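I have placed the structure first, in the form of structure tokens, so that the comments after it can refer back to it.
Just so it is clear, none of the values below were taken in a lab; they were calculated from the coordinates. Please read these numbers as outputs of a predicted model, since none were measured by experiment. Neighbour counts run over all protein chains shown; Cβ positions are idealised from the backbone, glycine included.
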Protein chains: 2
Amino acid sequence: MRLQRRLLHNEFVCSLASSISTRLQSSLPKTEPQSFRQFADISVRLASPERLQPKPEVKALQFGKQFSDHMLKIEYHARAGGWQQPIICPLEYLSLHPAAKVLHYAVELFEGMKAYRGRDGVIRIFRPELNMLRMNMSALRTGLPGFDSEELIKCISRLISIDSEWVPHSEAASLYIRPTLIGTEPALGVTEPESALLYVILCPVGPYFGTKGSNSVSLLADPSFVRAWPGGVGDKKVGSNYGPTILLSKTATRQGFHQVLWLYGEDHQITEAGTMNIFIFIINDQGERELITSPLNGLILPGITRQSIIEMTKEWGQFQVTERVMTMPELRSLSREGRVLEVFGAGTACIVSPVSSIHYSGEMIQIPTLDQPSPVYSRILQTLLAIQYGHIEHPWARRID
Amino acid sequence: MRLQRRLLHNEFVCSLASSISTRLQSSLPKTEPQSFRQFADISVRLASPERLQPKPEVKALQFGKQFSDHMLKIEYHARAGGWQQPIICPLEYLSLHPAAKVLHYAVELFEGMKAYRGRDGVIRIFRPELNMLRMNMSALRTGLPGFDSEELIKCISRLISIDSEWVPHSEAASLYIRPTLIGTEPALGVTEPESALLYVILCPVGPYFGTKGSNSVSLLADPSFVRAWPGGVGDKKVGSNYGPTILLSKTATRQGFHQVLWLYGEDHQITEAGTMNIFIFIINDQGERELITSPLNGLILPGITRQSIIEMTKEWGQFQVTERVMTMPELRSLSREGRVLEVFGAGTACIVSPVSSIHYSGEMIQIPTLDQPSPVYSRILQTLLAIQYGHIEHPWARRID
């Protein structure tokens, strides 16, 4: 009976997701992608020397609270031919009409990327084309204008070069890059905005949960805390996925947990943890080691760290790597049988974050992630860091000149 | 089998909703409600005469595109004691840090109210205490600060009196009031904002779909278009409920429909239509007339027009009034038996809007709302208008001095 319910439910979810995808694709604008003004048109206005801020020390960095000296701004006006000239200027307050759609209807999306200063002094960014692809998908879903990915990467690279001294001289820190796209048209109708602003700000950031993996996190898995659903926007990086989670995350923190493990459905499917994708490393029914992560079924964010981990571990070929739904009852059973080796989160901000316990249905499930002699999460983390900080040359790392 | 699935599904929804409610309530801050600075502290800076805009003609009004001369602003800073002095000033652009949480994580909510100029020249607002209650509930859910309802009503009333000439001299128009609350703290963490801005802007608006009821709407009921979900924020008036619907509504419009009829779940429960609550007037199994609307199960907005219609029609006592889930298959069956008399939407913007057809599962269900000799929707609309425009004195209408 329980299995039947679960199958019915999954069938419902899959058919919904597929139906939405088909319908939305068939209803997308048939026009050409909107042309993005060339990077070559960029205008740069530097901050005067007395306005330059002191760079904070690495140990004093707080995530997302200190910003570099400059920003990138590109306005979009449908009636003025679309995208306007890219502008790099001193970081400044934005001037928005109080009826701007972003302030009422969450017509907004963002990305998260990082620039790393390697031991060779070279600054690199990690697979930026994937962030741009996801940003364009978020724009399409939110009624915001699309753009040419490579042109925006060039503009962002120029911004990073101008603020290059803000890229920390440390392998325990990096420069967080926040591209943002908001609907600015001052009109209260719930419709696509005719004007928009794409902007990019930069923040030096330290380790999110520590880079040595010594800081593991505890998760609260409560089926009443729901992040996304079929027909929603759970697979897009839009503001609407975040605001509604604040109170729930706070509730978890108050109860002593680091983050929420987001579940979905009657069968308590594991989807994401906090703002990270989740990986579960187990001994499967064939007695083999298997790394499992949630599939891209519309309910989870298609993380770039997630994708990189899947590609990297498949290339290693040392264990099975599977994208499939795992439920909390299944994880609990595997745990009771001693078959859960590791659980870890993955994302741009945290990179890889080991999980030590999951509270579910009145029970604290202990996860021996930190007890493994040579844990997979740690090897993944070290490999990613080696690529990002240029210890090894790799096509995923793109140099900023 | 189908019934069993439906029961299981409903049981799941109800238990989730109940669980969330209990948990959130138990986790709410135990502190006193934050005190709102007194209306008595209000500061008023009037626009200079040359800056006053000409009032548009009623027939030229477009919803939410023209704004009055002044606005109300109240800043909140947790570190500076909370709410600051209320300020009425000329309508102006807002200056926001590019890292303001509202621009990234949709930390935002709003309300919709109207001021009506009666045939007696008196300006009235409709049950504003209910908007303030809902706004406080939205704030609680979004991590934004709560406030004293009556003090804010006084501030808004003062704003309306200053811009009183913007309340149209017409019973086919009104002044739309848009209280908005946004998180302004410049920090990229997904946490409660330490600073916020509450502001109110005003727009003269004409009839949304016409006040005579001659303009009926057609709805697209597509189960892949999902507005809200248990564990989400479907019952709060927050930006996150709106942005994700833009593309779906546009898809419906492209297919020739006015609005989306939002369904939920495997059994295709009817929840809302566009941005309206929905009412269905039928002949029930006992052969009696019955007015049915979706219950407040967390999936629909607790509309003030909805509540007023329920209270009003119950007081009339001429037919049954029921809050319960109706599914699309049930509506289709009733329609085939000729037992659907009327369907109409209800909300502050549209007041009451008759529905003429619903497209569902490849079939166009015709609704004879406009064919009734003395339709209920029309009596409801006329009664609400009579209260709002002061044809009858009623406690729901509050005078602005």
Starting from 0.36 nm per residue, how many nanometres of slack lie between A:Ile392 and A:Gln366 once their C-alpha separation is accounted for? 5.8 nm
May I ask you to evaluate 6.51 cos²θ - 1.76 cosθ + 1.60, the Karplus curve with θ = phi - 60°, for each residue of segment B:231-237 and list the ³J(HN,Hα) values in order in whole Hz, giving x for glycine and proline? x, x, 10, x, 9, 10, 8
Give me, ordered by chain and number, the residues 5 or more places off A:Ile123 or on other chains with an amide H under 5 Å from its own placed amide H. A:Gly118, A:Ile400
Computed, not fitted: 222 nm per-residue ellipticity of chain A from DSSP H runs ≥ 4 (each -39500 (n - 2.57)), nearest 500, equal to -8000 deg cm²/dmol
Among the trypsin sites (Lys or Arg not before Pro) in segment B:300-335, which ones are in a DSSP loop with at most 10 other Cβ atoms within 10 Å of the Cβ? Mind listing them? B:Arg324
Quick note on A:Met276, B:Met312, ordering by fewest other C-beta atoms within 10 Å, gives B:Met312, A:Met276
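Between A:Gln53 and A:Lys314, what is the FRET efficiency for a Förster distance of 60 Å, r being their Cβ-Cβ separation, to the nearest 0.05?
The calculated FRET efficiency here is 0.85.
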Could you give the distance between the Cα centres of segment B:339-401 and segment A:363-379, to the whole Å? 60 Å
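About the Cα centre, and with charges only on the beta carbon of Lys, Arg (+1) and Asp, Glu (-1), how big is the dipole of segment B:267-401? Nearest 20 debye, please.
Charge dipole of segment B:267-401: 200 debye, to the nearest 20.
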Among B:Cys89, B:Cys350, what is the fewest-to-most ranking by other Cβ atoms within 10 Å? B:Cys89, B:Cys350
Taking Cα atoms only, helix A:2-27 is inclined relative to the longest principal axis of chain A by an angle, in degrees rounded to 10, of 20 degrees
Non-local residues with an amide H under 5 Å from the amide H of A:Ile367, with H modelled 1.01 Å from N and Pro and chain starts lacking one, are A:Ser357, A:Ile358
Would you pull out the residues with amide H under 5 Å of A:Val233's amide H, same chain only if 5 or more places away, H placed 1.01 Å from N? none
What's the angle, to the nearest 10 degrees (0 to 90), between helix A:149-162's Cα axis and the longest principal axis of chain A? 70 degrees
Provide, for q = 0.10, 0.16, 0.19, 0.21 Å⁻¹, the log10 of I(q)/I(0) from a solvent-free Debye sum over equal Cα point scatterers in segment B:304-401. -0.33, -0.78, -1.03, -1.20
Quick check: residue separation of B:Ala80 and B:Thr253 times 0.36 nm, minus the Cα distance between them. What number comes out in nm? 57.6 nm
In chain B, what % of DSSP beta bridges are antiparallel (nearest 5)? 85 percent
Which aspartates and glutamates does B:Lys59 reach when only Cα atoms under 16 Å apart count, and residues fewer than 8 places away in its own chain are ignored? B:Glu171
Pop out the ³J(HN,Hα) list for segment B:221-229 in order, Karplus 6.51 cos²θ - 1.76 cosθ + 1.60 with θ = phi - 60°, rounded to Hz; leave Gly and Pro as x. 9, 10, x, 7, 9, 10, 8, 8, 8
Report the label-to-label distance for A:Met137 and A:Cys89 in nanometres (one decimal), using points 7 Å from each Cα along the Cα→Cβ vector. 3.3 nm
Could you work out the equivalent-ellipsoid semi-axes for the protein assembly as shown, taking the square root of 5 times each eigenvalue of the Cα gyration tensor, largest first, in whole Å? 44, 34, 24
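Given Cβ point charges of +1 (Lys, Arg) and -1 (Asp, Glu) and nothing else, what value in debye, to the nearest 20, does the dipole of chain A about its Cα centre take?
I would put it at about 340 debye.
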For B:His77, what charge total do you get from the other residues with a beta carbon under 10 Å from its beta carbon, if Lys and Arg give +1 and Asp and Glu give -1? -2
Which Cα, out of B:Cys155, B:Thr142, B:Ala172, lies furthest along the positive dipole direction of segment B:133-178 (beta carbon charges, K/R +1, D/E -1)? B:Thr142
Relative contact order in percent for segment A:99-224 (Cα pairs under 8 Å, 6+ apart) equals 32 percent
The local net charge around B:Thr271, scoring Lys/Arg +1 and Asp/Glu -1 for residues other than B:Thr271 whose Cβ lies under 11 Å from its Cβ, equals -1
Can you compute 3J(HN,Hα) from phi for each residue in segment B:318-328, using the Karplus curve 6.51 cos²θ - 1.76 cosθ + 1.60 with θ = phi - 60°, rounded to whole Hz and x for Gly and Pro? 9, 7, 6, 10, 9, 9, 7, 6, 10, 9, 5
Between B:Glu129 and A:Ala60, what FRET efficiency comes out of the Förster formula 1/(1 + (r/R0)^6) with R0 = 41 Å and r the beta carbon distance, rounded to 0.05? 0.30
Quick check: from the Cα gyration tensor, does chain B come out rounded (a/c under 1.5), prolate or oblate? oblate
